[in-house]
């Protein structure tokens, strides 16, 4: 079963009232687009991802540098945007089913998406729904304050996305029933007996206003965890000095099993701690010859890829480099650039502070260098 995940992000975000549209709003350094893409990529059944975007946002879309995502310009409305994606897919023979999803619902769980995919073999369409629980009123004439009290809600429910369809069927319905399109793609199905409704999720709400985004941020804050990393290395003449992946010009360098980079070692250890995945000594033992003189950049990159498979992403990194020499401020910006590239996060998620021990102890005598790091991570699922 080859599935395409279509992310609809072509709206104007009028109700959101921001210079930055909803798709590009960020939570823990990731835009809503990126969060949706990351979640879709966890499923091997999804062979292709399409992002339908507003032409005026071309510059913002390209700045995300999305890999293996097909970009398609949207239409004047949701129906036309969806049709643009479906029209492209008709030429892609390997795709038989589609998941159509609103970018403004980035908080669907892997459990929900898995259930949708599982049920695709049982119906022509699969749609998550939420039963209406609040009391329902219907306005008749707002100018006269006329409304119906106690309107029955037994047969009412709210639909969500992602919604699943056979490509051939949804394409046909878009062509013949476009005038009947209301809000989402399931509105095109005249015979709802062909639709499998499954239980949706309350937290899979749609971000419409800024308050919705704040609610989502609060949800993710509850998923935030913190890790602490520490490393210290002896300094000796005729040794190389690596800090944050950079080779620093110095008469003395670190002594270590690998390249002795205390900054990257501390970051790696803190990330592993925050994700509850052990420590750097367990993963890269100094008793293992294959790690002898290995660059710490390689070790950190491995850990970054490992935590992504578990759904973790870095929220921020705070670093104290404790050294009498060299003066950390001279290299701070370059270090931030290096860490940003290695961890695949924004530079504004990284803070570095240089500290001394006022010439006290082995660090003060320039015989050692240390680093301590605090990392916070968020699990997007």
ask   = Here are 67, 42, 76, 93: which of them is part of a loop (DSSP other than H, G, I, E, B), under 14 Å from the mean Cα position of the chain (by Cα) and exposed (fewer than 14 other Cβ atoms within 10 Å of the Cβ)?
value = 67
task = Hey, could you check the range 179-206 for residues that are assigned to a helix (DSSP H, G or I) and more than 29 Å from the chain's Cα centre (by Cα) and say which is surrounded by the most Cβ atoms within 10 Å (Cβ to Cβ)?
result = 188
task = Kindly check whether there is at least one residue in the range 210-228 that is surrounded by 14 or more Cβ atoms within 10 Å (Cβ to Cβ), over 19 Å from the mean Cα position of the chain (by Cα) and at pLDDT below 90.
result = no
ask   = In this structure, does residue 350 turn out to be at pLDDT 95 or above, within 18 Å of residue 270 (Cβ to Cβ), in the same structural domain as residue 314 (by TED's automatic domain parsing) and within 24 Å of the chain's Cα centre (by Cα)?
value = yes
task = Return yes when residue 338 is in contact (Cβ under 8 Å) with a residue 40 or more places away in the chain and in contact with a helix residue (DSSP H, G or I) (Cβ under 7 Å, 6 or more places away or on another chain) and no when it is not.
result = no
message = I'm trying to understand the selection: among the residues of the range 302-316, which are in a helix (DSSP H, G or I) and closer than 10 Å to residue 377 by Cα?
response = 307
message = If residue 85 satisfies all but one of (1) surrounded by fewer than 18 Cβ atoms within 10 Å (Cβ to Cβ); (2) touching a residue at least 60 places away in the same chain (Cβ under 8 Å); (3) outside any loop (DSSP other than H, G, I, E, B), what's the number of the condition it fails?
response = (1)
key: Search result, residues across the range 10-59 that are out of contact with any strand residue (DSSP E or B) (no Cβ under 8 Å at 6 or more places or on another chain) and on the phi > 0 side of the Ramachandran plot   = 13, 17
Conditions (1) in a helix (DSSP H, G or I); (2) within 22 Å of the chain's Cα centre (by Cα); (3) surrounded by fewer than 18 Cβ atoms within 10 Å (Cβ to Cβ); number of the one not met by residue 290 = (2)
inquiry  = Looking at 319, 298 in this structure, which one is crowded, with 22+ Cβ neighbours inside 10 Å and either touching a residue at least 12 places away in the same chain (Cβ under 8 Å) or assigned to a helix (DSSP H, G or I) (or both)?
reply    = 319
task = Could you please give the count of residues in the range 230-255 that are free of Cβ contacts under 8 Å to residues at least 24 places away in the same chain, surrounded by 15 or more Cβ atoms within 10 Å (Cβ to Cβ) and under 16 Å from residue 371 (Cα atoms)?
result = 1
inquiry  = What's the total number of residues in the range 262-279 that are buried (at least 24 other Cβ atoms within 10 Å of the Cβ) and free of Cβ contacts under 8 Å to residues at least 40 places away in the same chain?
reply    = 1
request  = Return yes or no: is residue 29 buried (at least 21 other Cβ atoms within 10 Å of the Cβ), touching a helix residue (DSSP H, G or I) at 6+ places or on another chain (Cβ under 6 Å) and assigned by TED's automatic domain parsing to the domain that holds residue 183?
outcome  = no
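The values are calculated or read from the model by the stated rules, or taken from the named source; none is laboratory data. Small disclaimer: the values here were computed from a predicted structure and weren't measured. Glycine also receives a Cβ, built like all others from the backbone with ideal geometry; neighbour counts cover every protein chain displayed.
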